[in-house]
C-alpha cells in the first residue's frame, strides 16, 4: 500500500487519519508541530511520541524530501539559486534573495509549465506535473536549512503557473499560514499569474491577504496573444475586469509585471496604451528587462526599462524598475531545469 504524504495533510486530515488508526486525536497536533515548527522529518526523532506510534507512522506515512542537485551563489548580490531534485527524479528551481528587510524566497509550483509564454525558459523543457503542497513547503524548509536563514517573504513566481495548480497551491498556503504550524502571514506572499481569469475571481472571494501579481507584458491583444497564448482564451479586457473585481473584493493593490522587450512592447505607443489601460486602477507596475534565453531571441536594450518607466511616470502611472538579482548565475527561472532535463535525455 502506498504511504500517505503526511506533510501535505492539514491538521484536521491528520487528526482523522490518526483516529482511524486507533490513536488519540491530540497526537496529530504534536506531529504537526514536529514537522512544521521544529522541521523534524524523521519520525524516530519525535521524542515525545511513543515508540509504538513512531513505528506506526513509519509504516503508514512518508515525508518526501528534496535533494540539492545544484546550488549557485551570486558573487554580485548573495542571491542563491537551487536546483532541487524531487523523489521521482524531476527537477524544480528555487531562488533565495537578500533584501534590506530580510530574505525572500521564490518557489516553483509545477514541474514545467503549460502556458507557453514565448520569452520564458520555464516551458521549454515541457510540463510534467503539478507539485504537491509538501513539495512546495519543502522548498522553504530545505532552503532555510541549507542557507541558515529565516524566510520573511515568499514569491510564487518560479517554474509553473500557480493558478493552474490551484487546489494544491491553496492547500500549501493553508499549511504555511496555519496557527499551529509556521503561522506565516500571507500578507508577505506574492502570487504571480499569467491571467487565468476564473481562478482570479475565485481567489478574490477567499480574501487571503496575499499580493496578486499579473504577468501582463503587453497592453495590445494581438501582441500579447503572440507572446502569451493564454491571452487567446482570456484577453486583456477579461483580465482587467477580473483584476478590478479582485481589488474591489480584497482591498489589495495589484502588481502588473511588464518585461520590456525590444520591438515588442517598449515603444512610445506602448506606454500610451498601457497608461490608458491602467488609469484609475489601484495598481503598481513592475518593469523588468527580459531574461536572456538561448532558445529565444527576445532582448532588452540597456536603457529601455528606465526609459519606459519615465514614459509611464509622465502619464501618471506608478512604475518601478525591478532590481536584477543573480544575473551571474542565471537566476531567472527555468534555465537550470532545462539544462538538467536535457542532460538526462
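Bear in mind these aren't lab numbers, they're just calculated from the coordinates by the rules spelled out. Only a predicted model underlies this, so the values are computations on that prediction, with no experimental measurement involved. Neighbour counts are summed over all protein chains in view; Cβ atoms, including those assigned to glycine, are modelled from backbone coordinates with ideal geometry.
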note = Within the stretch 199-225, residues in contact (Cβ under 8 Å) with a residue 12 or more places away in the chain and in a helix (DSSP H, G or I) come out as 199, 200, 201, 202, 203, 204, 205, 206, 221, 223, 224
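One line per residue, one yes/no per condition, for (1) in a strand (DSSP E or B); (2) surrounded by fewer than 21 Cβ atoms within 10 Å (Cβ to Cβ):
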{"residue": "230", "(1), (2)": "no, no"}
{"residue": "243", "(1), (2)": "no, no"}
{"residue": "255", "(1), (2)": "yes, yes"}
{"residue": "259", "(1), (2)": "yes, no"}
{"residue": "269", "(1), (2)": "no, yes"}
{"residue": "273", "(1), (2)": "no, yes"}
{"residue": "276", "(1), (2)": "no, yes"}
{"residue": "281", "(1), (2)": "no, yes"}
{"residue": "306", "(1), (2)": "no, yes"}
key: Residues that are more than 12 Å from the chain's Cα centre (by Cα) and surrounded by fewer than 22 Cβ atoms within 10 Å (Cβ to Cβ), drawn from the stretch 103-114   = 103, 114
task = For residue 216, indicate whether it is surrounded by 21 or more Cβ atoms within 10 Å (Cβ to Cβ), closer than 19 Å to residue 120 by Cβ and in contact with a strand residue (DSSP E or B) (Cβ under 6 Å, 6 or more places away or on another chain).
result = yes
